[in-house]
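No lab work stands behind these numbers, since they all come straight from the coordinates. These numbers were taken from a predicted model, which means no experiment stands behind them. Glycine also receives a Cβ, built like all others from the backbone with ideal geometry; neighbour counts cover every protein chain displayed.
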Amino acid sequence: MATVRDGSQGVLLVVDVQVGVVAQAWDAQRVVGNVARSVERARAQGIPVLWVQHGDDDLPEGSPQWAWVPQLVPAAGEPQIRKKYNSAFEQTPLDDELARLGATHITLAGAASNWCIRATAYGALERGYDLTLVRDAHTTGTMELEGGKTIPASAIVDELNVAMTWLSYPGRRNGTAPAETVDFTRPGGE
C-alpha cells in the first residue's frame with residue numbers, strides 16, 4: 001500500500017496543454033478556457049501551480065507544437081516539469097516538487113484525457129495523494145479503432161470523469177469538480 005499523505009495542502013497540476021496536443025482535441029477552446037480559469041483561481045488562492053510538458057518524436061522540445069497554448073503562461077517561479085511518458089510521475093522530478101511543497105492533494109487538468117491525464121491520475125492515487133479531476137478542464141481527440149469503429153472524445157472525457165468518482169483507494173479521496181468552483185484542498189469539493 002502507498003504511503004497516504006496527511007493534510008490538505010493542495011496544488012494544481014496542469015498537464016500537456018500544448019499546441020500540438022490540443023490542436024485536434026474535442027471542445028479545445030472551452031477546455032483551455034477552463035484550464036486557464038483553474039490556474040487563475042489557484043493563483044488567487046495561493047495554491048501552487050505546477051506545469052508538466054510532454055516531449056517526444058511528435059512533440060520535439062522547443063518546437064511550435066511543443067509550446068504551451070497561448071492562453072496559458074507559467075508564472076515566474078512555478079515549477080515546469082518535462083516528461084517523456086504518459087504519467088507525469090515517471091522519470092520526472094514531480095514527486096520531489098510535490099514533497100518540497102508539502103502537497104497532499106492534487107487537482108488535475110489538461111490533456112489528453114485517455115492517456116496522460118488518466119495515467120497521471122492513477123499515478124497520483126497510487127502514490128498516496130488525494131485527487132480531484134477538473135471535470136470540464138480536460139480533453140482528448142476521438143479514437144479511431146480497427147474496423148472503422150470510433151470512440152468519441154466526449155465519451156472518453158465522460159468515462160474518465162465517472163471513473164474518478166467511483167475509484168476507491170484505501171485512505172485516499174478522489175472525485176471531480178468544475179473549474180469554476182473546484183476546492184483545491186478537497187477531492188471533489190465545491
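At a glance:
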quantity	calculated
Charge dipole magnitude, Cβ of K and R +1, D and E -1 - region 11-73, Cα centre, debye nearest 20	480 debye
Computed lengthening from Glu159 to Gln65, 0.36 nm per intervening residue step minus Cα-Cα distance	31.1 nm
Thr3-Trp166 FRET efficiency (beta carbon distance; Förster radius 22 Å; 0.05 resolution)	0.40
Segments 4-15, 120-131 sorted - mean Cβ within 10 Å per residue, highest first	120-131, 4-15
Whole-Å semi-axes of the ellipsoid equivalent to the chain (Cα gyration tensor, √5λ, descending)	23, 19, 16
Residues Thr150 and Thr92, FRET efficiency given R0 of 35 Å [Cβ-Cβ distance, rounded to 0.05]	0.65
Antiparallel bridge percentage (DSSP; both residues within region 10-177; nearest 5)	10 percent
Relative contact order (percent, whole number), region 52-187, Cα cutoff 8 Å, 6+ residue spacing	20 percent
